[in-house]
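Notes for the one structure printed next.
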Amino acid sequence: MPDRLPSLTALRAFEAAARHMSFAKAAEELSVTPAALSFQIKSLEETLGQPLFLRLNRAVKLTEAGRTLAPGTSEGFDRLTAAWRAARRLQDSTALNVTAGPAFTAKWLAPRLYEFAHAHPEIDLRFSATLRMLDFDVDEVDVAIRFGYGPDEGLWSIPLNPGEWVTPVMTPELAEQYPTPASLRDAPLMFDDSIAFLRPACDWPAWFRAVGIDFTPTHGPHFSQADHAVDAALSGAGIVLGRRAMVVKDLHEGRLVAPYKIAIESKAHFRFLCRLGTEDRPQIAAFREWILAEIDKTASVHDQLTLIPVEDIPAP
């Protein structure tokens, strides 16, 4: 049996009809008459040599051949559509679609965007702040900022920091009340659960072990988003293990302080990702260089801390 494909027009008619389970709705989507759509499907069935639909009085139903053909046809047209959109985007040197987590967007990107917009008025920056792993083709993403361990197979990737560290952060007023790590036993501690997936754990017990204290706090508010935990700390509600990316600007500008100078560092890190071959597109390169320059502006905060790899901290 020859493997020559039938016409894309006939396959598109079948795909739409199978998705809607209605010739009329498929014809409306494709802007053709029901008769024209029915003709395309009939020609496809003749080429295949067997029916794809059972025509009932007021409905259609896929045959076994139709059920076999439908998933691959739908996936094929999705991939074609994504590839076509990606090819068209190559002509656009002004739009830049970026996805990042909500906390990183709120605490790192958003407060700095004025500078990028001022330096690059020609770039139309669009953000999708989500924890869902967006697809570069299907979701029309140009750049992703992702946190974790990787690997990022099939993508162009550079680290935005060697590793993420955490250290207790608080308002200057709270720092006066709790001058030593030992005094934190009586402090209002808060928990950022967004990094609970890190292994080994970068949590309060690990930090206390890093400074030689055997203490496991059990009470205090828990936050599923890092930016919410940092906002609570900024309000003076308590002390949180602040993640570098989420607190570095507030530390640099004095709204928060890290008085104990000991941070624990994870191998998990933020990465700048894009499709292979697109890393030198003007808007992507400009955004990447801007991010790296912004990171350099607050590098002094990193230098003021003693970093202890979490892998080197004794187990409980």
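The values are calculated or read from the model by the stated rules, or taken from the named source; none is laboratory data. The shown structure was predicted, so the numbers you read here are calculated from the model rather than taken from an experiment. Cβ coordinates were reconstructed from backbone atoms using ideal geometry, including for glycine residues, and neighbour counts include every protein chain displayed.
Some points to look at:
Listed here are the residues, each with its yes/no results for (1) in contact (Cβ under 8 Å) with a residue 24 or more places away in the chain; (2) touching a Pro at 6+ places or on another chain (Cβ under 9 Å); (3) within 17 Å of MET246 (Cβ to Cβ); (4) of a type outside the set (A, V, I, L, M, F, W, C).
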site	(1), (2), (3), (4)
ALA110	no, no, yes, no
ARG146	yes, no, yes, yes
GLY154	yes, no, no, yes
TRP165	yes, no, yes, no
MET170	yes, yes, yes, no
ALA175	yes, yes, no, no
PRO179	yes, yes, no, yes
ASP192	yes, no, yes, yes
LEU198	yes, no, yes, no
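- Of all residues in segment 279-295, those that are free of Cβ contacts under 8 Å to residues at least 24 places away in the same chain have Cβ atoms under 8 Å from Cβ atoms of residues that are surrounded by 13 or more Cβ atoms within 10 Å (Cβ to Cβ) and not aliphatic (A, V, I, L, M), 6 or more apart or on another chain, in ALA285/GLU279.
- Options ALA18, ALA36, ALA82; residue that is of a type in the set (Gly, Ala, Ser) and within 30 Å of ASP142 (Cα to Cα): ALA82
- PHE270 meets each of the listed conditions (1) outside any strand (DSSP E or B); (2) surrounded by 15 or more Cβ atoms within 10 Å (Cβ to Cβ); (3) among the aromatic types (Phe, Trp, Tyr); (4) under 19 Å from the mean Cα position of the chain (by Cα) apart from (1).
- Those helices (runs of 4 or more DSSP H) of segment 145-234 in which 2 or more residues are more than 27 Å from the chain's Cα centre (by Cα) and either assigned by TED's automatic domain parsing to the domain that holds LEU292 or charged (D, E, K, R) (or both) occupy 172-177.
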